[in-house]
Amino acid sequence: MDDLLAALREAPHGQEGRILEELVTEWSKSGSPTIDLLLQRGRDALSAGEPERAVEHFTAAIDWDPDFAEAYHARAEAFYYLGHVGPALADLQVALSINPDQFIAMRGFAVILEELDRPEEALEVYRVVLEYYPGDAESEQSIDRLEQMLGGQSL
């Protein structure tokens, strides 16, 4: 993982795709075929527009392995789609406590902080995301927007 994260930081802009795919693949490996299947079924349910069903699969994965960060991250996404911001935020906190390098979960955390009208904190988190993934256009745009909104306020 350290090598992939270092490669992502050093990748030329626009050539990060393969590295991102490898990171997501590695983060998605639980070590258990059952949990991996539950994670995939949850992701399939999200893709099918069924976040309630996705939550069930991700919760089952968490029940099997409460230390599997990616299940919390995925369930946070499903909760977010359901409009359950509090549980989404809680799951992102757990995911990041287990895997502090999961910058995609960090970006989700920043999005929620913005929605909770905490722009200064969101800005800080987006900046951390860019430390991991300097080419992240979403975070760059969010930083620009928040800096303009905050009008140069001292953080």
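Looking only at residues of segment 18-49 that are surrounded by fewer than 12 Cβ atoms within 10 Å (Cβ to Cβ) and farther than 21 Å from residue 99 by Cα, we find that the one that is nearest to the chain's Cα centre (by Cα) is 47. Scanning segment 86-102 for residues that are under 8 Å from the mean Cα position of the chain (by Cα) and crowded, with 23+ Cβ neighbours inside 10 Å yields one hit, 92. Beta carbons closer than 6 Å, at least 6 apart along the sequence or on distinct chains, pair a first residue in segment 43-58 that is under 16 Å from residue 87 (Cα atoms) with a second that is hydrophobic (A, V, I, L, M, F, W, C) and surrounded by fewer than 16 Cβ atoms within 10 Å (Cβ to Cβ) for 51/82.
Could you tell me whether segment 34-57 includes any residue that is under 20 Å from residue 106 (Cα atoms) and out of contact with any helix residue (DSSP H, G or I) (no Cβ under 8 Å at 6 or more places or on another chain)? Scanning segment 34-57, I find no residue that is under 20 Å from residue 106 (Cα atoms) and out of contact with any helix residue (DSSP H, G or I) (no Cβ under 8 Å at 6 or more places or on another chain), so the answer is no. Is there a residue in segment 130-140 that is of a type in the set (Ser, Thr, Tyr) and in contact (Cβ under 8 Å) with a residue 40 or more places away in the chain? The answer is yes, given that some residue of segment 130-140 is of a type in the set (Ser, Thr, Tyr) and in contact (Cβ under 8 Å) with a residue 40 or more places away in the chain. Go through segment 104-155 and give me each residue that's outside any helix (DSSP H, G or I) and over 21 Å from residue 13 (Cβ atoms). Listed by number, the residues that qualify are 116, 117, 118, 151, 152, 153, 154, 155. Remark: pairs (first residue in segment 1-21, over 13 Å from residue 130 (Cα atoms); second residue in a helix (DSSP H, G or I) and among the aromatic types (Phe, Trp, Tyr); Cβ separation under 9 Å; 6+ apart in sequence or on different chains) = 1/27. The set of residues from segment 121-137 being modelled with pLDDT of 95 or more, among the charged types (D, E, K, R) and touching a helix residue (DSSP H, G or I) at 6+ places or on another chain (Cβ under 7 Å) comprises 121, 127.
The values are calculated or read from the model by the stated rules, or taken from the named source; none is laboratory data. Note that this is a predicted model, so its numbers are computed, not measured. Reconstructed Cβ throughout: ideal geometry from the backbone, glycine too, with neighbour counts over all protein chains shown.
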